[in-house]
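Here the structure comes first, spelled out in structure tokens, and everything after it is commentary.
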Amino acid sequence: MSKRINIIGIGMDGTETLTKKALQAIENAQILIGAQRMLDCFLKLGKPVFCSYKSKEIAEFIKECEYEKITVLMSGDCGFYSGAERLLPLIDDFETKVICGISTPVYFASKLKIAWQNMKFVTLHGVGGNIVRHVCSNPVTFFLLGGEITPKYICKRLCEYRLGDSTVHIGENFGGSNERITTGMAKELTEIETDKLCAVIVCNENHEKNLRSCIPDSEFIRGSVPMTKSEVRSVCVAKLKIDSDSICWDIGCGTGSVAIEMAFRCPDGRVYAVEKNEEAVSLTSENRIKFGCDNIEIISGNAESVIETLPVPDCVFIGGSGGSLEQIIMKVIEKNPLAKIVATAVSLETLNQCIEIFDRIGVETEIIQLAVTRTRKVGRHTMLAAENPIFIIRRNFK
């Protein structure tokens, strides 16, 4: 038996935004498969249906059923956060065709009369995710909702991070008779009640125009806590080669300056800033808000104890170990044998200890000594003001 499967994006409501090609495939199908709300649009055709939105369940049904012409209905477009991505590999033994539909951001943008090609797309549909970091770094951010995160939660989050003046568009029930679009500033929409299946577009005219590095020390909220200086911080973070979705640890985060620059580089990831000093924890929290880094999670406590509960890291910076350097390094290697590690040392004793630990566990390292000298004016003369030299120990990796 030769089975032919059409996977169709039915747009917003399955009728008004359905393409002609998609309608022909639906009319020619022997059976329709999809979630109930999508099947309801085509019950008048009187065709047999199989109600499911689970990829594995749909694939098993397709393999076992006797129908030859099968149509699977997907909401919106099959290429935009669609179940088609999970389903296609499960039915690759059959002849399949994907027929595109109108996606939520395309439909929403047309209603707002704005361009969508430069939007940052983020799905919070059934999952959590970073909100503020995306809004800070993009002029327009599209959020697909449908889980626990609601539009009012997004607005409250933006206000918490001093982005209450951002313009927010909320769209609900697209294509339906109860379609609603609400526009306002985030600070005006913190109590709005909406349908669970909705989308949000946030516009931020004051977004970051570049990926910041070597942020001047003066921009951070400071206290009596030591801070990794800008040039050293920039080199350390660059050496880690952080990916956009990396899970990072900042051990002994101090004011949070390294965690901030880490967070800029992993907007789809997470930074776990570990610190036992209460003043440092408070400063990191203040700087997290100032720089719009809601992808930083602050962990208060002794590093040796708390890292046991942290997610597996991709990149680890050790700026302060509290005397537990060996235990921390061993725990990192245990959690992820391929983790990227960068540590700093200001004394020869700490440098020697770090070298011994890595040598003992058979890990190759790159060691550099960085000495930063700035200038300062004394009368008509420009004088050199040297900072203390620092050693950067980096685990070698490809």
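The values are calculated or read from the model by the stated rules, or taken from the named source; none is laboratory data. None of the values given here were measured: they were computed from a predicted structure. So basically every Cβ, Gly included, is an ideal-geometry build from the backbone, and we count neighbours across all protein chains shown.
Worth a mention:
- Some residue of the range 315-337 being in contact with a Ser or Thr (Cβ under 6 Å, 6 or more places away or on another chain), part of a helix (DSSP H, G or I), of a type in the set (A, V, I, L, M, F, W, C) and assigned by TED's automatic domain parsing to the domain that holds Asp268: yes
- Contact map, the range 294-317: residues that are modelled with pLDDT under 95 paired with residues that are of a type in the set (S, T, N, Q), Cβ distance under 7 Å, separation 6+ or inter-chain. Pairs shown: Ala303/Ser321; Ala303/Ser324; Glu304/Ser324; Glu304/Gln327.
- Taken as a whole, the range 362-374 holds no residue that is in the same structural domain as Ile221 (by TED's automatic domain parsing), closer than 19 Å to Met262 by Cβ and surrounded by 16 or more Cβ atoms within 10 Å (Cβ to Cβ).
- Candidate set: the range 244-264, residues that are surrounded by 15 or more Cβ atoms within 10 Å (Cβ to Cβ) and in a loop (DSSP other than H, G, I, E, B); chosen: the one nearest to the chain's Cα centre (by Cα): Ser246
- Among the conditions (1) closer than 29 Å to Ile296 by Cα; (2) of a type outside the set (Val, Ile, Thr); (3) surrounded by 18 or more Cβ atoms within 10 Å (Cβ to Cβ); (4) at pLDDT below 95, Leu158 misses just one, which is (4).
- The C-beta contact set for the range 238-253 (first residue over 13 Å from Asn130 (Cβ atoms), second residue in a loop (DSSP other than H, G, I, E, B) and among the aromatic types (Phe, Trp, Tyr), distance under 9 angstrom, 6+ apart or interchain) comprises Lys241/Phe397.
- Pick from the range 317-343, criterion farther than 20 Å from Cys236 by Cα and of a type in the set (S, T, N, Q), ranking: surrounded by the fewest Cβ atoms within 10 Å (Cβ to Cβ): Gln327
- Conditions (1) assigned by TED's automatic domain parsing to the domain that holds Lys113; (2) at pLDDT below 95; (3) within 19 Å of Asn295 (Cβ to Cβ); (4) among the small types (Gly, Ala, Ser): number failed by Gly176: (3)
- Residue match in the range 35-43 (condition: outside the structural domain of Ser177 (by TED's automatic domain parsing) and farther than 20 Å from Ser103 by Cα): yes
- Among the residues of the range 292-311, those that are of a type outside the set (Ser, Thr, Tyr) and either in a helix (DSSP H, G or I) or more than 16 Å from the chain's Cα centre (by Cα) (or both) comprise Ile298, Ile299, Gly301, Asn302, Ala303, Glu304, Val306, Ile307, Glu308, Leu310.
- Residues being small (Gly, Ala, Ser), in contact (Cβ under 8 Å) with a residue 12 or more places away in the chain and more than 26 Å from Tyr272 (Cβ to Cβ) - total across the range 318-375: 1
- Selection count where residues are surrounded by fewer than 17 Cβ atoms within 10 Å (Cβ to Cβ) and at pLDDT 95 or above, scope the range 122-151: 1
- Of the residues screened, Tyr81 is one that is in contact (Cβ under 8 Å) with a residue 24 or more places away in the chain, under 20 Å from Thr104 (Cβ atoms) and either touching a strand residue (DSSP E or B) at 6+ places or on another chain (Cβ under 9 Å) or among the charged types (D, E, K, R) (or both).
- Residues that are small (Gly, Ala, Ser) and assigned to a loop (DSSP other than H, G, I, E, B) were ranked within the range 186-230; the one that is nearest to the chain's Cα centre (by Cα) is Ser213.
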